[in-house]
Amino acid sequence: MNAMLNRVDAPAPAEAIDGAVDTTPPLLDVTGLCASYGKVDALLGATLRVKAGSIVTVIGPNGAGKSTLLNALMGVLKARGEIRLDGESLMRRDVVGRVMRGMALVPEKRELFSDMTVADNLRLGGFRRYRAGEPQPLDQLDWVYHLFPRLEERARQLAGTLSGGERQMLAVGRALMGKPRLLMLDEPSLGLAPRIVQEVLDVVATLRGHGVSTLLVEQNARAALRVADYGYVLENGCVVLQGPASDLESHPKVVDAYLGLARHAPEPVPHSSLVQEAAR
Ligand SMILES: Nc1ncnc2c1ncn2[C@@H]1O[C@H](COP(=O)(O)OP(=O)(O)OP(=O)(O)O)[C@@H](O)[C@H]1O
Ligand SMILES: [Mg+2]
């Protein structure tokens, strides 16, 4: 069942569905990525790949290094190792250089312009394409409104007055305005109701058909593995497990540690003892 799971932090050849080795170079190819905050090492040689048109998730507990990984990939944080996008090394490219090559990051804090409207925040997302001299830098707007109809309804509302779910939609929508090839999402489910999480992840799933690959960092392993094609488990700055998302979903370690379905779950607490607990 878990035959394709790899416990080691080594680049495994991507397997095609028919079992043949897929020799297509990945869109994102990361090898031995290390990053530190002063003397504290937060990423200890992460190796991972994202195939074009796929959704790859990185799951792991608080402090595992998930945000560090995304910030290192985006160039916000200095890193050692190798990052290749479509074969080209990005290690000497700064953030703008990486954005211009098609990377987009929706950070944990969303970083919207609160006193600007929804529509203006979205227009700013077209800046990369404007700067690249594209003739229609805002031509994604209708598509973004189609993906997130609520953003169109609220186009003139100030971003600072949006609900948490709407802010998340706006952050993703703004990233999509730049027509990225690789969308990196840092915990899109954070603080959102399950229904909104599903709404956002449904959109991520549809992006596969529009030439956008996604690297999804999540603590919500259940939601992430459901939408992803492939997954990595990051712990203490190291990839400790990787495999097709459906295999990871049933791997005992993932089930025990991340899906909250401990196989040796304690018996449900009888109602009477709950009352006693509360009375103490
Ligand atoms: N600016 C910083 N300065 C010093 N240490 C930091 C800084 N940012 C993160 N760290 C440390 O680096 C490690 C990895 O943090 P990171 O934010 O990448 O974890 P994470 O997996 O994203 O966690 P979470 O799920 O809570 O968002 C942690 O030990 C954290 O304390
Ligand atoms: Mg984080």
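Convex hull of alpha carbon positions in segment 35-104: directionally averaged projected area 5.0 nm². Note on segment 105-257: dipole from Cβ charges, positive end direction compared against 119, 223, 210; the farthest Cα belongs to 119.
Counting charges near residue 56 (Lys, Arg +1; Asp, Glu -1) among other residues having Cβ under 10 Å from its Cβ returns a value of +1. Relative contact order for segment 77-141: what is it in percent, counting Cα pairs under 8 Å that are at least 6 residues apart? Averaging sequence separation for qualifying contacts and normalising by length gives 19 percent for segment 77-141. Taking all C-alpha pairs of segment 129-227, those more than 21 Å from each other amount to 34 percent. Note on residue 157 and residue 206: the extension gain reaches 15.0 nm, defined as 0.36 nm multiplied by sequence separation minus the Cα-Cα distance. As a rough guide to protection, the peptides 189-200, 83-94 ranked by mean Cβ packing within 10 Å, highest first, stand as 189-200, 83-94.
With Cα atoms defining each centre, segment 82-160 and segment 165-215 are spaced 12 Å apart in the structure.
Any read-out appearing in this document is the output of simple, stated calculations on the displayed coordinates, not a laboratory observation. Not measured: the values here are computed from a predicted model. Positions of Cβ are backbone-derived with ideal geometry, glycine not excepted, and every protein chain shown enters the neighbour counts.
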